1. Sum up the charges of everything whose Cβ sits under 9 Å from the Cβ of residue 233, counting Lys and Arg as +1 and Asp and Glu as -1, but leave residue 233 out.
2. If you add up the charges near residue 222, with Lys and Arg at +1 and Asp and Glu at -1, over every other residue whose beta carbon is less than 12 angstrom from its beta carbon, what do you get?
3. Based on the mean of other Cβ atoms within 10 Å per residue, sort peptides 201-212, 98-109 so the most packed one is first.
4. Which order do the peptides 188-199, 145-156 take when ranked by the mean count of other beta-carbon atoms within 10 Å per residue, highest first?
5. Rounded to the nearest 0.05, what FRET efficiency is calculated for residue 23 and residue 109 with R0 set to 35 Å and r the Cβ-Cβ distance?
6. Compute the separation of the alpha-carbon centres of the stretch 122-162 and the stretch 306-323 and state it in Å as a whole number.
7. How big is the gap, in Å, between the Cα center of the stretch 11-27 and the Cα center of the stretch 83-116?
8. Within a Cβ distance under 10 Å of residue 69, other residues only, what is the Lys/Arg minus Asp/Glu net charge?
Amino acid sequence: MAQVTRALERCDAIREEVESYCTPERLTRYLRALADTPAPSGAAALMRAPVLRTLLEEDGALESDALRLNPDHERTGAVTLSCGGGAAAGLWYIAHLDSISYLIQPPEDGRYPLVPYCYHLTRDGERQAEVLRYDLEAGTFVTRAAGRLLSEGGDPFFLPDGALDLRPGDRVVPVTPFAAADDGLLTGHFDNAGGVAVMAVAAAVLARFGTSAFFAMPDEEEGPAAAGNQSISRGATRLMAAAPTPRLSVVIDMQQTAAEGNGGPDGAGVPGSGAVLSEFSSRARGAVTPPHLYAAVRAFTAGLEARGATVRETSNLYTSRSDDVAVMQRSPGIVILGFPGADRHFDRALPTAHLEDFVSLSRALVYMSLLYEELEGPAA
């Protein structure tokens, strides 16, 4: 408990600088830019790495060597940020960069049957969508068509707006413009643009403090809904094979822990109630935080609310697997933090989350480095 107490006391020393950087305005800017940029699996780095670089350059975060961006870490397809000793330092933050998408099949009766490259959770009905095609001359994806994603009896289809000849290699992505309401409720494609946004903002703060840490944004977080752990987290698996073993990994994702309003203690898991801490994911089919580590993190995050970073314990409400599936094959030191939201895969409506939860989560990520140093010793 002394280590937790010391870590919380150290939070007080840096709180003013953390809160001056991890602001609602900055988080809104990052969220808008990333959420409005489609990132189908297999192309996430191509689409979002330039956006991330622009955001960080606008804030002066890449002016020195304190924070370094790599758009393709060791040819794994992962975008990474490093400060200090980077991956070798032992402290990792992980948030997948890609978003859900669908593969094209030959048309039938004026619509295109789709193969989900994700877990297809969209209930029956239509959602706005667009088709992306890679342009060899431009060296990037371009929007080929607009239309609608139709879910019918659990099967997805694409309905183009007008006649169109789609082909293999095209990718269908559901879309919705970022929007912010006066009460802090946000609409946008936040899975997992939200995790990347909070991590990037936290990375810039940690670089200012001279902290050694590694920030991984792998691709292919889900893949097809096939054999569970054999199909999920493939991008992070590639990254794990090309990097030193982490000692502590904070895995960040959008969590629909209480989308219907049935939250845990203090409303945990309901958007607007704070970031969420989970002991395990996917009913223990994913990672399970070791009891001694969970006890320390639980006590530490409970003390963060008084320091401007609210984190609620989900009390083992359902938490989805994510990149923790790959990490747990290399290291048991995993902490599952996230932000609550609803309809992350356009389930019943458009995805929503709350701005204050992003603010709290970004600050909590910075403070987690202090707990790590107390538990493991200063990073190399």
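Read-outs throughout are calculated quantities, based only on the coordinates presented, and are distinct from any laboratory measurement. If you're wondering where the values come from, they're calculated on a predicted model, not measured in any experiment. Positions of Cβ are generated from backbone atoms using ideal geometry, with glycine treated the same way; all protein chains shown enter the neighbour counts.
1. Details: positive: 234, 321; negative: 220, 221, 222, 323, 324.
Once all neighbours under 9 Å are counted, the net charge is -3.
2. On the way: positive: 234, 321, 344; negative: 98, 191, 219, 220, 221, 253, 323.
Net of charged neighbours comes to -4.
3. Details: 201-212: 22.1, 98-109: 18.4.
By packing density, highest mean first, the sequence is 201-212, 98-109.
4. On the way: 188-199: 27.8, 145-156: 16.2.
So the peptides 188-199, 145-156, ranked by packing, come out 188-199, 145-156.
5. Details: r = 51 Å, r/R0 = 1.45.
Rounded to the nearest 0.05, the efficiency is 0.10.
6. A separation of 33 Å, based on Cα centres.
7. 30 Å
8. +1
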